[in-house]
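So the structure is just underneath, and the comments pick up after that.
None of the figures in this text is laboratory data; all of them are computed from the coordinates on show. Predicted model, so just to flag it, every value in this text is computed and none were measured. Every residue, glycine among them, receives a Cβ derived from its backbone with ideal geometry; neighbour counts consider all protein chains shown.
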Amino acid sequence: MNRPSADPTKHPAPPIFTDHTGTRFAPRFALRRRDAALLSELMTRSREELFVITDPSLPDNALVYVSPSFREYTGYASEEVIGRNCRFLQGPRTHPSDIKKIRTAIAAQREVTLRLVNYRKDGTLFVNQFFLTTLRKAVPRGRLRLKPRPWVVRVVDRMKGERFPSGVPMRRDRREPVENVYYLGVLCECDHVDRNLIMNFGANFRAKQPEEEYYLEEEEEEMQRSMALEEAVAQLEISTAGENTVGVKTPLTPKRA
Ligand SMILES: Cc1cc2nc3c(=O)[nH]c(=O)nc-3n(C[C@H](O)[C@H](O)[C@H](O)COP(=O)(O)O)c2cc1C
């Protein structure tokens, strides 16, 4: 039997991002709308902005793109840095706790903004106002939307351990498989008056779009919930073939103290 062909509306071709020198970054997947917007904005300002992209699916989270201004400012040519980890910017006065903060944010796929000491190729020091974020794979629109019955929702919540007994929601783990993520680092020399405008660039940029942000977050959450529910229902259907509903629910009822 022939498999149905991929639906182009659900699998859009990944767009390519080009900076002002014509250097391209071609992600292997379509980025989420807000991440694509952030990257497009940076690319249009690539004459001024220092930014880099790494691919965590490559060994040592290697650089796959560096902006022309990054090359100019740090003194490194593309060939010298692409394929390497960005830690070559660190040196004797870079504080280990700053490195640790970045390492932790990378592991958790969370955003981080900090100021750290970095060095150019010629050994001169600069204070880097650094912003790190992820660029994530777009979630296809229009995936299955279930209207689950309330008990199914409760069962799934319990299975996923999303709530403490007090009812306080746990922090959701937002990590994705590394194949679905790039990291974006935006650098800024602190002392430079003009470039101070870019401090917390991503945060400011996103703050200008609170409604869209909210909408996308909600949509994404709903999508993930639907997928989890779909999976859970499928599992329940398999395990309940020939049983009644009570037989399924009993083992999942929380133990009372
Ligand atoms: C996208 C991206 C950009 C980075 N940019 C810098 C940077 O500008 N300066 C810096 O000191 N470290 C930067 N890092 C951090 C290092 O690459 C590395 O992750 C950090 O040193 C912690 O890892 P390590 O303990 O293995 O060295 C960046 C990391 C990523 C993912």
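Annotations
- For LEU31, distant residues with modelled amide H under 5 Å away: ALA138
- Filtered GluC sites (Glu not before Pro), segment 74-136: DSSP coil and at most 15 other beta carbons within 10 Å: GLU111
- Separation of alpha-carbon centers, segment 84-122 and segment 20-69, rounded to whole Å: 18
- Segment 35-144, relative contact order [Cα under 8 Å, separation at least 6], %: 19
- Cβ-based net charge around GLU179, under 10 Å, with every Lys or Arg adding one and every Asp or Glu removing one: 0
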